[in-house]
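See structure below.
Just so you know, all these numbers are worked out from the coordinates, no wet-lab data involved. Worth saying up front: this structure is predicted, and the values here are computed from it rather than measured. Cβ atoms come from the backbone with ideal geometry, glycine included; neighbour counts cover every protein chain shown.
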Amino acid sequence: MESPFKAEILKGKVALITGGGSGIGYEISLQLGKHGASVAIMGRRKHVVHSAVDALRSHGIPAIGIEGDVRKEADAARTVESTFQHFGRLDILVNAAAGNFLAAAEDLSPNGFRTVIDIDTVGTFIMSHEALKYLKKGGPGKDPSIGGTIINITAVIHYPASWYQVHASAAKAAIDSMTRSLALEWGEDHGILVNGIAPGAIGDTAGLTKLAPREILNQVKREPLYKFGEKWDIAMAALYLASDAGKFVNGTILVVDGGQWLSKPRL
Ligand code: HXC
């Protein structure tokens, strides 16, 4: 679908997207790039990162890929430094890397729980912390009056309680809390905006393939109005938050799910 935003709203900006090689992360990378940003993507799988960079470049987007794991502080530091060395600044960090699987709490090992918290929550903190010096107002390469933007990709699974998602629900709830804390501290001290985007069920993603219970897939077939979102919907929300359109938005979680999490069956 054609973007409703002007093509140059992010001209001159540099964005780093974790998990930017596939799924929602890739679509955000593509749309930020199509709207003027230079893009660095970080991911664990070398071949995925490489082919995503090739695809971005085929759209004329200045792009680099860095292989790394958000759980490792050394990888995070190397990724942020490489982005700065290559593009000379950093304005936008999108924390889209995540890990998940369905597991009943009774069967989930403590290490399974910890692994998802480490990737989603601790990884978001590590990346944000490493990027801080470049994102802050007056940071290297930046307009001294402007701070950068952090966008955390979260979820709606923890608003109610979701079956077999104790690990990811806890991880995403913690990310939402972190978003507000960093928005407060880094907004006040450094002029950085920190927000979240909470996608609902988004078609053509690893999340949907791995997690969607069969009854949801059947519901989509039965009820035409119950539909999946598109990766594009999430990328448009990211564009809004990353551009000047979102310059007074801080510490919010933008739910992009078509209103599904709050809906109950019709009486
Ligand atoms: C139960 C599992 C499991 C499963 C792994 N574990 N998969 N337990 N059911 N299906 C347990 C392991 O047994 C182990 O515990 C621990 O988790 C660590 O597993 P590893 O395989 O060593 O971890 P790692 O290689 O780091 O892989 C991380 C991963 C993996 C999360 C397990 O699936 C992954 O890399 N995923 C990345 C891609 C992804 O999941 N994308 C979807 C994101 S969707 P023990 O005790 O045996 O040592 C998303 C949307 C959220 O985030 C919102 C939903 C709508």
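Structure notes:
- Calculated mean residue ellipticity at 222 nm for the chain: -13500 deg cm²/dmol, from DSSP H runs with n ≥ 4 weighted as -39500 (n - 2.57), summed, divided by the residue count and rounded to 500.
- Residue-by-residue Karplus 3J(HN,Hα) for segment 15-32, coefficients 6.51, -1.76, 1.60, Hz, glycine and proline x: 10, 10, 10, 7, x, x, x, 8, x, 4, x, 5, 5, 5, 4, 4, 6, 4
- Length-normalised contact order for segment 112-253 - Cα pairs under 8 Å, 6+ apart - percent: 26
- Segment 89-104 and segment 146-166 have Cα centres separated by 9 Å.
- Cα-based shape type of segment 64-119, given that a ≥ b ≥ c are square roots of the gyration tensor eigenvalues and the cut on a/c is 1.5: prolate
- Across segment 171-184, rounded Karplus estimates of 3J(HN,Hα) from the backbone phi angles (6.51 cos²θ - 1.76 cosθ + 1.60, θ = phi - 60°) give 5, 6, 4, 5, 5, 4, 5, 4, 4, 5, 5, 5, 4, 5 Hz, Gly and Pro being marked x.
- Cα gyration tensor category, rounded, prolate or oblate, for segment 118-196 with a/c compared to 1.5: prolate
- Highest average packing first - 43-52, 191-200, Cβ atoms within 10 Å: 191-200, 43-52
- Dipole magnitude of the chain, debye to nearest 20 (Cβ charges: Lys/Arg +1, Asp/Glu -1, about Cα centre): 320
- Pairwise FRET efficiency - R114 versus A74, Cβ, R0 = 25 Å, nearest 0.05: 0.80
- Its relative contact order, with pairs defined as Cα atoms under 8 Å and 6+ residues apart, puts the chain at 18 percent.
- Estimated vicinal HN-Hα couplings, Hz - segment 118-129 in sequence order (Karplus 6.51, -1.76, 1.60; Gly, Pro = x): 5, 5, 6, 7, 5, x, 5, 5, 4, 5, 5, 5
- Placed amide H near V39: partners under 5 Å, 5+ positions off or other chain: A15, A63, I64
- Rounded to the nearest 20, the Cβ-based charge dipole of segment 1-44 about its Cα centre (Lys and Arg +1, Asp and Glu -1) stands at 140 debye.
- Efficiency of FRET between E8 and L102 - r from beta-carbon atoms, R0 35 angstrom, step 0.05: 0.25
- Among the GluC sites (Glu not before Pro) found in segment 1-42, those both in a DSSP coil and sparsely packed, with 16 or fewer other Cβ atoms within 10 Å of their Cβ, are E2, E8.
- Shape of the chain, Cα gyration tensor, a/c cut at 1.5: prolate
- Checking the cross-link pairs K11/K172; K6/K46; K142/K172; K6/K142 against a 25 Å limit on the alpha carbon distance flags K11/K172; K6/K46; K142/K172 as lying beyond it.
- Distant-in-sequence amide H partners of V194 (H built 1.01 Å from N, under 5 Å): I150, G251
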